[in-house]
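Single-structure report; data block below.
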């Protein structure tokens, strides 16, 4: 104690570094370094096992991927997937949260039930839903649609139909992920002060008016957060595609990550794959900045 | 309760039950299908009325063990998830404590970088990370699936916010008694931070248990492959036998469902916390 007594500040600082070091080293080596590498590699011609010397290529990898039909289809598919999934999943999550938040018996059970698919690995969900979408009258969905439409539904092969494959994957993803969103919105709902509703009731507001004037504005930041997370997840889409369609039919379900993985270890084109992941990261960054801007805007108004 | 309220209540239950039914059908189909002979799974999948197997049989379950090293996949998944969760709890909570309570030069700048790293998803770095571990010669091992995922910026952030909210008095008292930072952390702070440990454990477990992309990239032998990759390869393994696949699925999800039922409150709280971040 006496020897350290001279410089307690120094010794504490060393100790603090010791606390933080393992995690910081991990982040440095396995997050920051690969991130910097992906930017650098995307400007080269790196290809594993290639005899060509490593060269600086400028933006040519980017030029190539942005003229590649499959990659453009992937960008389109990710956007379309986000356009389908984000509104549907957020809307459904909000509906579920509102229902489960009712002061009625058995709501905990329903909450658990809707949350349950979240603990299912996506790979398993994808495999199970292949059978839901099975072609012909044997498929569960085809059968249900046939029953509902009194036999007028023409059974189809959802996952091999360019028009239906992406919506089918969307449905699968919503089923697995909506419980997560529901729980976040439910927590936000329960955080709204009761006084607000009482005041509105005194003013004679009906339930719909209360929902529009109190619930929605109070949930605004939670909804923005849910929309952000779902949009980013939509651009990360990979597992379902890998298992259910392998990007097909005819690139109808390929995604940015699916293309990147195929380039990286299907054809060993590391540089090309790196360029794709940089594009992917830029999209994620833009979505995040947009969310920050929108949320801050709200705070200023308040 | 008046008539209007009763109608409202009934319609809430009606909507909830309908939705619950839609949520359950795929799960029930999997569970019942796992007890059916393979040739009947497809024939009957379409008929809601004939979801029930004509006769229950454990044959599919035996078949899974005969065709793939299921026990091995299960062990691998459990081992990998356990190491990441346990290692992550220790390493990330220590770092968060250094950010929240200890004084050191550069702290605020480093914290800023850590928070910025939160928005980098694995997908954005998977390719160079793959290249990195290839250079290290780590491919096809347990380590390659564990070490890169122990340190986690989001976990640090969750711990950090929680530690900031703890009253300082507890630690002050211990410090006056002559306890150093290690003892204060393990004896005072950690025992008072159980909720955040549970949250981080559950969130990182859910991510790791379901991981497919990374194991797919870096492993090729059955000895180290986890369950999600197991079911993906099992599905593509001819002959396509749905009964077996469902039996695999049931066995794969049962342990997690048990954990979920036991620690349900923590799961829900853990997920709800992620929303606070925005």
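Couple of notes before you dig in:
- Note on the stretch B:156-184: residues that are closer than 14 Å to residue B:98 by Cα and in a helix (DSSP H, G or I) amount to 14.
- The stretch A:185-302 holds helices (runs of 4 or more DSSP H) entirely within its bounds, and those carrying 2 or more residues that are more than 19 Å from residue B:216 (Cα to Cα) and either more than 8 Å from every other protein chain (Cβ to nearest Cβ) or modelled with pLDDT of 85 or more (or both) map to A:194-202, A:207-210, A:216-236, A:270-301.
- Restricting the stretch B:106-119 to residues that are in contact (Cβ under 8 Å) with a residue 12 or more places away in the chain and facing chain A (nearest Cβ under 9 Å), the residue that is surrounded by the fewest Cβ atoms within 10 Å (Cβ to Cβ) is B:117.
- Test for residue A:131: is it buried (at least 23 other Cβ atoms within 10 Å of the Cβ) and facing another protein chain (nearest Cβ under 9 Å): no
- In the set (1) surrounded by fewer than 19 Cβ atoms within 10 Å (Cβ to Cβ); (2) under 30 Å from residue A:292 (Cβ atoms); (3) facing chain A (nearest Cβ under 9 Å), the condition left unmet by residue B:134 is number (2).
- Extreme residue, farthest from the other protein chains (Cβ to nearest Cβ), among residues of the stretch B:88-105 that are within 20 Å of the chain's Cα centre (by Cα) and surrounded by 20 or more Cβ atoms within 10 Å (Cβ to Cβ): B:89
- Within the stretch A:271-292, tally of residues that are within 14 Å of residue A:39 (Cα to Cα) and surrounded by 15 or more Cβ atoms within 10 Å (Cβ to Cβ): 11
- In the set A:148, A:130, only one residue is closer than 18 Å to residue B:21 by Cβ and either touching a helix residue (DSSP H, G or I) at 6+ places or on another chain (Cβ under 8 Å) or without any contact (Cβ under 8 Å) to a residue 24 or more places away in the chain (or both); that residue is A:148.
- Any hit, the stretch A:36-46, residues being in contact with a strand residue (DSSP E or B) (Cβ under 8 Å, 6 or more places away or on another chain) and within 13 Å of chain B (Cβ to nearest Cβ): yes
- Of all residues in the stretch B:231-278 being within 20 Å of residue B:74 (Cα to Cα) and assigned to a loop (DSSP other than H, G, I, E, B), the one that is farthest from the other protein chains (Cβ to nearest Cβ): B:237
- The residue of the stretch B:155-173 that is nearest to residue B:200 (Cα to Cα), among those that are touching a helix residue (DSSP H, G or I) at 6+ places or on another chain (Cβ under 6 Å) and surrounded by fewer than 16 Cβ atoms within 10 Å (Cβ to Cβ), is B:164.
- Filter result for residue A:109 (in contact (Cβ under 8 Å) with a residue 12 or more places away in the chain and either in a helix (DSSP H, G or I) or over 20 Å from the mean Cα position of the chain (by Cα) (or both)): no
Here is a yes/no grid of residues against (1) part of a helix (DSSP H, G or I); (2) more than 10 Å from chain B (Cβ to nearest Cβ); (3) in contact (Cβ under 8 Å) with a residue 24 or more places away in the chain:
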{"residue": "A:70", "(1), (2), (3)": "yes, yes, yes"}
{"residue": "A:74", "(1), (2), (3)": "yes, yes, yes"}
{"residue": "A:78", "(1), (2), (3)": "yes, yes, yes"}
{"residue": "A:82", "(1), (2), (3)": "yes, yes, yes"}
{"residue": "A:85", "(1), (2), (3)": "yes, yes, yes"}
{"residue": "A:94", "(1), (2), (3)": "yes, yes, yes"}
{"residue": "A:97", "(1), (2), (3)": "yes, yes, yes"}
{"residue": "A:104", "(1), (2), (3)": "no, no, no"}
{"residue": "A:115", "(1), (2), (3)": "yes, no, yes"}
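- Of the candidates A:174, A:169, the single residue that is part of a helix (DSSP H, G or I), surrounded by fewer than 22 Cβ atoms within 10 Å (Cβ to Cβ), within 27 Å of the chain's Cα centre (by Cα) and more than 8 Å from chain B (Cβ to nearest Cβ) is A:174.
- Flag for residue B:205 being under 17 Å from the mean Cα position of the chain (by Cα) and either within 29 Å of residue A:220 (Cα to Cα) or surrounded by 20 or more Cβ atoms within 10 Å (Cβ to Cβ) (or both): yes
- Checking residue A:8 against (1) at pLDDT below 90; (2) surrounded by fewer than 16 Cβ atoms within 10 Å (Cβ to Cβ); (3) in contact with a helix residue (DSSP H, G or I) (Cβ under 7 Å, 6 or more places away or on another chain); (4) more than 7 Å from chain B (Cβ to nearest Cβ), the condition it does not meet: (3)
- Conditions (1) more than 14 Å from chain B (Cβ to nearest Cβ); (2) in contact with a strand residue (DSSP E or B) (Cβ under 9 Å, 6 or more places away or on another chain); number of the one not met by residue A:58: (2)
The values are calculated or read from the model by the stated rules, or taken from the named source; none is laboratory data. None of these values were measured; they are calculated from a predicted model. Every residue, glycine as well, gets a Cβ built from its backbone with ideal geometry; the counts of neighbours run over all protein chains shown.
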